[in-house]
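Trainee: Once you've had a glance at the structure underneath, I'll fire off some questions.
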Amino acid sequence: MSVIRILPEAVANKIAAGEVVERPASVAKELVENSLDAGASSVEVRVESGGKRLIRVADDGCGMTRDDALLAFERHATSKITSANDLDAIATLGFRGEALPSIAAVSRLTLETRHASEEAGTRMEFAGGKLRDVKEIARPCGTTFEVRSLFHNVPARRKFLRSESTELGHIASMVTHYALAHPDKAFRLESVSNEILKVSPVASHRERIYQVMGAKRLEQLVEFGPVERQFLPASATLKLDEEAEPDAEAETPPLFRISGFVSRPEVHKLNRNQIYFFVSRRLIRDRLALHALHEAYRNILPAGIFPVAMVFLDMPPGEVDVNVHPSKAEVRFRHSSFVHDLIRDTVLQALMASRPVAAFPMPKRPATSEQDQHGPSYTRPEASPSPAGQRNWAPPAQPREAFGAGPGRNFQLSAPRPGPAPGNLPLTEAALALYAPPEPASCPAGYAEPEPASPVNRTGELPSDLLPLGQVRSSFIIAANPEGLWIIDQHVAHERVLFEQHLRRRQDTRIEGQRLLLPIVADLQPEQRVIYESIAEELTAHGFEVEPFGQGSVAVKAAPADIRPDDVEKLVREILDGVGREARALSLDELRRSIAATVACHAAIKVNMPLDQEKMSWLLLELSKTECPMTCPHGRPIVLRYDMKEIQKAFKRI
Ligand code: ADP
Ligand code: MG
């Protein structure tokens, strides 16, 4: 029984045209996609010389009959679509019917395959696109492709290949993406000398991330979702009139599902390389999705710093057009602003919920059996992965929520919060932590059982009724309110207050600086000089008066108020360096944030500074008015809390 058909010309012409075989990784990608489309539960990739000498992809999928195998190498031969209508709702990774002939044309290719309906398997050999040999073989169901001597007959292409390690890097990255997207399948990637990736099937994305990236990375991430949202066109919400006939013709509103992992604010990456979006398990590149993520981290990460993210979106195939580019990595969403807002709001919600309130760094707390019954409990995994199923990592079941307010921004998300729940550390342990050497701000407690949130933690807001009790080491303010005991890092708290004030003032107007008694002359590196010239105008609007002064120097004549004169030179350098590290051009908004964050850091009160009661009260009140009182503009936590419940528990009162 043959399932592959050659697409009629009219359909073929509607397919985004273009070359798919650019480099070894693109060959490997097409073959891996075919294996996944064939329903494989195991995909094995072997690469020699960065894929230039050999790429072998073996799967245990459905395989092909002899007739299908012969047809598969024709142009536009595919089993995945038959008509132009199918292009509107593509549910498979492939659909173009072009990969196999394109790969065969530029390599020496061998295919071995067997379909369950046939006794014998088929072996075919191609060289430079010509079929050299077909024969019967004995083999299990499934398919193995071997692509040798890629581009041997296209020297121009071969010349442009990068080093073996670079090409292997691209293949490794591709296989890793698919492994992340398909935790239920086994993947293996090996080169001549190395097993680069080997993962067995697991039950969740969390376990797969652990297998692929390790415990450390997992600790840096906040899990969110799954959250489901229905897209209702604006008009649908007006149709609530009971007398209205149910409209049989109307489409059921499409259902969108989002889940994933994003990094905690203290994780800083200098580029976007660790941001992955998957739509229906296909890795995509999309500016809109990136923008949504960026929006969620606005005010949490400084300009020019990027998070780690793995975002999994699922939607009906008709909601996304993958027939935009031959690489199938660019997509177009039918309801793009809905998708944008869904990503932004869900990620923001997850970040807010995981604000490091009560984030006393407390490692080594074994999960209790009670936690084990509650979903995403997490004990620190040992260095080596253990077999699947040993830990209870199943994501919490998410009740499907009705989407009442129509499309747009007014989500009332109530995704379960995998982040640090307040008070999930017994006070005794937390108190011990005070004597332990400080741990990095990422908090393993974040994987403990999510308890019902207190209002503080749910909204990421700081209450305004905190009563300061005093300071520890003239650096940390101790405060109390009926919810518990709070510790506030005074420097970063003030930094957050000044950052938001500065930014607001700049948005409204130009900021007046304060003239210095004596101008400060700063020598600049050539690169700093170039940056200075490109941002001079914005610097002036932030209260600086800076002028070129001789060759390679500038004279600073005024600076924002609150900056001490001996700090001015350092501040200007930091601003220039902060902007300079950016590989790409900053938007005006990002530039302003970057300047505001640097100014705020320099103007803020320091640690080791005694504060009287009035100053502490003022600082706490101002902090409570900020938009993001829990994280400083550089991503560090500002506030820690001992929850009242935990205090009572520790004193055995409850
Ligand atoms: P497309 O994936 O766009 O359909 P390809 O040229 O990649 O086009 O593959 C052509 C056809 O060959 C597929 O539609 C599928 O029927 C068959 N095929 C390719 N690889 C496999 C595989 N690993 N297992 C089973 N069938 C395969
Ligand atoms: Mg394909």
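Trainee: Grab the Cα-Cα distance for SER337 and SER117, subtract it from 0.36 nm times how many residues apart they are, and report the gain in nm with one decimal.
Mentor: Details: separation 220, 0.36 × 220 = 79.20 nm, distance 4.64 nm.
Result: 74.6 nm gained on full extension.
Trainee: Would you mind computing, in nm to one decimal, how far apart the modelled labels at SER464 and ARG53 are, each placed 7 Å from Cα along Cα→Cβ?
Mentor: It works out to 7.1 nm between the two label points.
Trainee: What does the accessible area per residue of segment 491-584 come to in Å², with a 1.4 Å probe and no ligands, DNA or RNA counted?
Mentor: Solvent-accessible surface per residue comes out at 54 Å².
Trainee: Just to make sure I understand: if all protein chains stay in place, what is the order of ASP577, ASP88 by accessible area at 1.4 Å, largest first?
Mentor: ASP88, ASP577
Trainee: Also, I was wondering about something else. Please get the size of the charge dipole for segment 1-109, origin at its Cα centre, with Cβ charges of +1 on Lys and Arg and -1 on Asp and Glu, quoted in debye to the nearest 20.
Mentor: Approximately 360 debye in magnitude.
Trainee: Something else: For a 21 Å ceiling on Cα separation, which of these pairs sit above it: LYS29/LYS328; LYS80/LYS198; LYS29/LYS135; LYS14/LYS328; LYS52/LYS80?
Mentor: Over 21 Å Cα-Cα: LYS80/LYS198; LYS29/LYS135; LYS52/LYS80.
Trainee: Nearest 0.05, what FRET efficiency do ASP67 and GLU190 give at R0 = 22 Å with Cβ-Cβ as r?
Mentor: 0.10
Trainee: For SER149, what is the net charge nearby, where nearby means another residue's Cβ is under 11 Å from its Cβ and Lys, Arg count +1, Asp, Glu -1?
Mentor: Local charge sum for SER149: +3.
Trainee: Consider a paramagnetic label point 7 Å from the Cα of ARG132 along Cα→Cβ; state which residues of segment 146-174 have an amide N under 16 Å from it.
Mentor: Only 146-154 pass the distance filter.
Trainee: Mind jotting down a quarter of the surface of the convex hull over the alpha carbons of segment 463-607, in square nanometres, one decimal?
Mentor: Averaged projected area of segment 463-607's Cα convex hull equals 10.4 nm².
Trainee: Follow-up question, since we're still on this one. Across segment 338-353, in residue order, what do the Karplus-derived ³J(HN,Hα) couplings come to in whole Hz, using 6.51 cos²θ - 1.76 cosθ + 1.60 with θ = phi - 60° and x for Gly and Pro?
Mentor: 3J(HN,Hα) across segment 338-353, in whole Hz: 5, 5, 4, 5, 4, 5, 4, 5, 5, 5, 4, 4, 5, 5, 4, 5.
Trainee: With the Cα gyration tensor of segment 1-40 giving a ≥ b ≥ c as the square roots of its eigenvalues, does the rule (a/c under 1.5 for rounded; else a/b larger than b/c for prolate; else oblate) give rounded, prolate or oblate?
Mentor: Oblate, since a/c reaches 1.5 and b/c is not below a/b.
Trainee: For a quick protection proxy, order the peptides 470-477, 622-629 by their average other-Cβ count within 10 Å, most packed first.
Mentor: Taking the mean over residues of other Cβ atoms within 10 Å, the ranking is 622-629, 470-477.
Trainee: Could you work out the relative contact order of segment 54-144? I mean the mean sequence separation of Cα pairs under 8 Å and 6+ apart, divided by the number of residues, in percent.
Mentor: 34 percent
Trainee: A further question follows. Report the calculated FRET efficiency for ALA555 and LEU290 (r = Cβ-Cβ distance, R0 = 41 Å), to the nearest 0.05.
Mentor: The pair ALA555/LEU290 has a calculated efficiency of 0.55.
Trainee: Quick one: Karplus J couplings for segment 43-59, per residue in order, coefficients 6.51, -1.76, 1.60, θ = phi - 60°, nearest Hz, x for Gly and Pro?
Mentor: Per residue, the Karplus-derived 3J(HN,Hα) values read 10, 10, 10, 10, 10, 10, 6, x, x, 6, 8, 8, 10, 10, 10, 10, 9 Hz.
Trainee: Follow-up. Grab the Cα-Cα distance for ARG139 and LEU518, subtract it from 0.36 nm times how many residues apart they are, and report the gain in nm with one decimal. Don't skip to the end; give the middle numbers.
Mentor: Details: separation 379, 0.36 × 379 = 136.44 nm, distance 8.50 nm.
Here the answer is 127.9 nm.
Trainee: Express in Å², to the nearest 10, the accessible area of HIS170 obtained by rolling a 1.4 Å probe over the protein heavy atoms while all chains stay in place.
Mentor: Probe radius 1.4 Å; accessible area of HIS170 about 80 Å².
Trainee: Right, something else. Amide H neighbours of SER553 under 5 Å, at least 5 residues apart or on other chains, H built in the peptide plane: list them.
Mentor: Amide H to amide H, under 5 Å and 5 or more residues apart or across chains, SER553 pairs with LEU524.
Trainee: Still on this structure, please answer the following. Could you tell me the calculated FRET efficiency between ARG148 and VAL3, based on Cβ-Cβ distance and R0 = 25 angstrom, to the nearest 0.05? All intermediate terms of the calculation are to be shown ahead of the outcome.
Mentor: Values: r = 28 Å, r/R0 = 1.10.
Computed FRET efficiency for ARG148 and VAL3 comes out at 0.35.
Trainee: Label segment 69-222 by shape, choosing from rounded, prolate and oblate, from the square roots a ≥ b ≥ c of the eigenvalues of the Cα gyration tensor; if a/c is under 1.5 it is rounded, and otherwise prolate applies when a/b is larger than b/c, oblate when it is not.
Mentor: Because a/c hits 1.5 or more and a/b exceeds b/c, segment 69-222 counts as prolate.
Trainee: Let me ask another. Once you have a ≥ b ≥ c as the square roots of the Cα gyration tensor eigenvalues for segment 560-644, tell me rounded if a/c is under 1.5, and otherwise prolate or oblate according to whether a/b is larger than b/c.
Mentor: oblate
The values are calculated or read from the model by the stated rules, or taken from the named source; none is laboratory data. Since the structure is predicted, the reported quantities are computational estimates derived from the model, not experimental observations. As a convention, Cβ positions derive from the backbone with ideal geometry for all residues, glycine included, and neighbour counts pool all protein chains shown. Quick note on the areas: whole protein, heavy atoms, side chains included, nothing else; ligands and nucleic acids left out. Shrake-Rupley method; radii C 1.70, N 1.55, O 1.52, S 1.80 Å.
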